[in-house]
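One structure is given here, and the rest of the page talks about it.
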Amino acid sequence: MSIKITLADGSVRDFDRGICFTDIAKSLGQNIARSAIAVRTGDGQLLDMQRCAETDMTISLMTGESPEGLEIIRHSTAHVLAMAVQRLWEGVRVTIGPVITDGFYYDFEFPQDVRIGDGDLARIEKEMARIIRQNVGVVRQVMSREAALHHFEALGESYKVEIIRDLSEGDDITLYSMGEWSDLCRGPHVPALKHLGAFRLTKVAGAYWRGDERNAMLTRIYGTAWANKEDLAAYLHRVEEAKKRDHRLLGRQLDLFSFHPEAPAHAFFHEKGTVLYSKLQSFVRKANEAYGFGEIQTPLMMNVELWHRSGHFEHYAENMYFVDLDETQAAVKPMNCPGHCLIYGSRKRSYRDLPLKMAEFGRVHRHEKSGVVNGLFRVRSFVQDDAHIFCRPEQISDMVSLCLEQIDYVYRGLGFAEYHIELSTRPEKSLGSDEIWEHAESALKGALEKRQTAYTLNPGDGAFYGPKIDFHLIDAIGRRWQCGTVQLDFSMPERFGLEYVTEENRTEQPVMIHRAVLGSLERFLAIFTEHHGGHFPLWAAPVQVQVLNVTQIQEDYASLVAGELRNAGFRVELDIRNEKLGYKIREAQLKKIPYMIVIGDREVSDQTVSPRQSNGTQSEALSVAAFISQLQQECGDLHHL
């Protein structure tokens, strides 16, 4: 009996029932057969090529270049890693080996007398390459729960036995075998090991079994894998570039900020870092003014009852700091929105007052575990560039469009021309009725589509109080960073009893829109630093010009030039130390200052300067006034931030 298979291009072909996907791929040509590693069905399932079609269905053949195919390559490479480790060391027990961003890891329990580190990675890679060259097929096997338990008990794989025992009785278990080695896994996997090979092991670390410090400490080996060696090389280049751009290293090198045990995971901004911080803040403040937001301030600590009313206590208490205050309990704010609701509710509002747009650079505190804090990317105290719009339902589309326009304006102004937008829908834990959520999600979709803005759907990742639009910046080396957000909230105005009087003299509940552009200023400063590699645009650079003299003879003119630049509003460092010129130039280059001016006898004689940019470009000699004009043009309107 034949069945109909609908292919990705829409064409329909007849095949015998029970035909395997490998044979379907062969019928489409050798190139397709060689590159296909899995199948995606019309309902979104990913299946192995060795599986067979029993009914009419729609399929797409996945290659290693597709996102799904790349995940399969990484998962299969993790299995090869585990196989290689067990070949190299007797008595190793395997646990789990999931795919992660850009790679994979596998956790092992080594015998007590075996210690491995990064120095062993090359040896493991060599064994993995030998296994891949054997090009054995990857075989899927289905067992009963009892048979799988017996299989892994016989192998002494106690962690696999524990995983299987956690599964429901009667469940079928899938195993994947590569030659003599097998592993418990849902799959899918590549059909044969020839599809692997573009991989690199990256580091060895420790990890507790199931993330619980009460359990055994395991050895975790990380790696990356790609569809081809060119993609692997490009990734490794990005990793090396990211190391050079690490904001923690640049923060020390450029004297921007530091961290101290006296205040764990709290940043101490130095003078130069504070200049950069304030310039970013001023840029957003100027954009807020242009888009009609009024700036407000709310207290750092508020009564804990407020956080019960807002819903944050129920959903966020484990991340909050609490203090006793006048015989009542107060909380250090983890978010700014409840304070904005109090301001809205402080007086009677009319439809004429709406939309009401308020913005705050509000400092918040969140208790992050010590294991997840990471430079400025994740700290316990930071400033959010929060804003909230209170509006009538018919104003939602225009207000969301305004937020989208402002965020685009700011990102482009800060040098981020490319970003990706996600629409996140209702999470498992949430406030509000189905009707409210459907209305909110429909409103955000409508605003995006009205602006013809491309986006992807991110189901279940909305905030607990409403759906959201998230902006993912793409930096200079292709990494994505979630920063801006626009969130619709019907629940918080209801919780705070917020109202406005309509034109018909009725009271209605306003809609609340949460909006952040940079998100955390601390985190964004880290992204901004790494994006520019410490070579900040002129308007934002903590020091814009470094003036150096060759000898003490030019000291007076060097001081005069520095003074004229300062009077014009530029940030200048004057280096007239009695040091060798080469030493002073190298030091200035390490500071990544946009412009360097070396004052020698000719400059003194001609009353000129010859600016040199941090990229090595040397300008012709020009007057100080002409140089100031050049700097002003380069900064544009941002010079006065």
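Laboratory data are not the source of any read-out in this text; all were calculated from the coordinates shown. This one's a predicted model, so the numbers in the text were calculated from it and none came from an experiment. Here Cβ is always computed from backbone atoms with ideal geometry, including for glycine, and neighbour counts include all displayed protein chains.
A compact table of results
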quantity	calculated
Kirkwood estimate for the chain, i.e. one over the average of 1/r between Cα atoms, Å	29.2 Å
Those lysines that a straight Cα-Cα span of less than 18 Å connects to Lys429, excepting residues fewer than 8 apart in one chain	Lys468
Set of lysines with alpha-carbon distance to Lys194 below 24 Å, sequence-local pairs under 8 removed	Lys26, Lys126, Lys229
Rule-of-thumb Rg ratio for the stretch 2-62 [Cα; 2.2 N^0.38 Å; N residues]	0.97
Inter-centroid distance (Cα atoms) of the stretch 539-612 relative to the stretch 622-641, Å	16 Å
Mean-position separation - Cα centroids, the stretch 166-244 and the stretch 98-148, in angstrom	7 Å
Share of alpha-carbon pairs per 10 Å distance bin for the stretch 438-523, given as whole %	14, 39, 31, 12, 3, 1
Positive dipole terminus of the chain, leading residue within Leu81, Val284, Gly339 (C-beta point charges)	Leu81
Estimated translational D of the stretch 67-236 in µm²/s (Stokes, Kirkwood radius over Cα pairs; 4 °C; 1.567 mPa s)	79 µm²/s
Qualifying GluC sites (Glu not before Pro) for the stretch 302-387 [loop in DSSP, other Cβ within 10 Å: at most 16]	Glu327, Glu368
Extreme residue, positive dipole direction of the stretch 2-62, given options Leu28, Val12, Thr55 (C-beta unit charges)	Leu28
Distribution of pairwise C-alpha distances over the stretch 380-427, 10 Å bins, in %	18, 40, 37, 5
For the chain, calculated [θ]222 nm from helices alone, where every DSSP H run of n ≥ 4 adds -39500 (n - 2.57)	-10500 deg cm²/dmol
Summed side-chain charge close to Tyr222 - residues other than Tyr222 whose Cβ falls under 14 Å, Lys, Arg +1, Asp, Glu -1	-1
Computed over the stretch 2-62: relative contact order in percent, which uses C-alpha pairs under 8 Å that are six or more apart	41 percent
Relative counts (whole %) of C-alpha pair distances in the stretch 214-292, using bins that are 5 Å wide	3, 11, 11, 12, 11, 13, 14, 12, 8, 3, 1, 0
Cα-based convex hull volume of the stretch 545-640 per residue, rounded to whole Å³	89 Å³
Cut-off 13 Å between beta-carbons: net charge of the residues surrounding Lys4, Lys and Arg +1, Asp and Glu -1	-2
Sparse-neighbour loop sites [trypsin sites (Lys or Arg not before Pro); the stretch 221-301; at most 16 other C-beta within 10 Å; DSSP]	none
Pairwise centroid distance, computed over Cα atoms, of the stretch 453-516 with the stretch 281-316, Å	14 Å
Environment charge at His514 (Cβ cut-off 11 Å; Lys +1, Arg +1, Asp -1, Glu -1)	0
Cβ-placed point charges (K, R +1; D, E -1), dipole of the stretch 271-524 about Cα centre in debye, nearest 20	740 debye
The chain, relative contact order [Cα under 8 Å, separation at least 6], %	9 percent
Per-q log10 I(q)/I(0), the stretch 271-524, q = 0.12, 0.14 Å⁻¹ (Debye; single scatterer per alpha-carbon; no solvent)	-0.72, -1.00
Ranked by how many other beta carbons lie within 10 Å on average, peptides 450-460, 371-381 from highest	371-381, 450-460
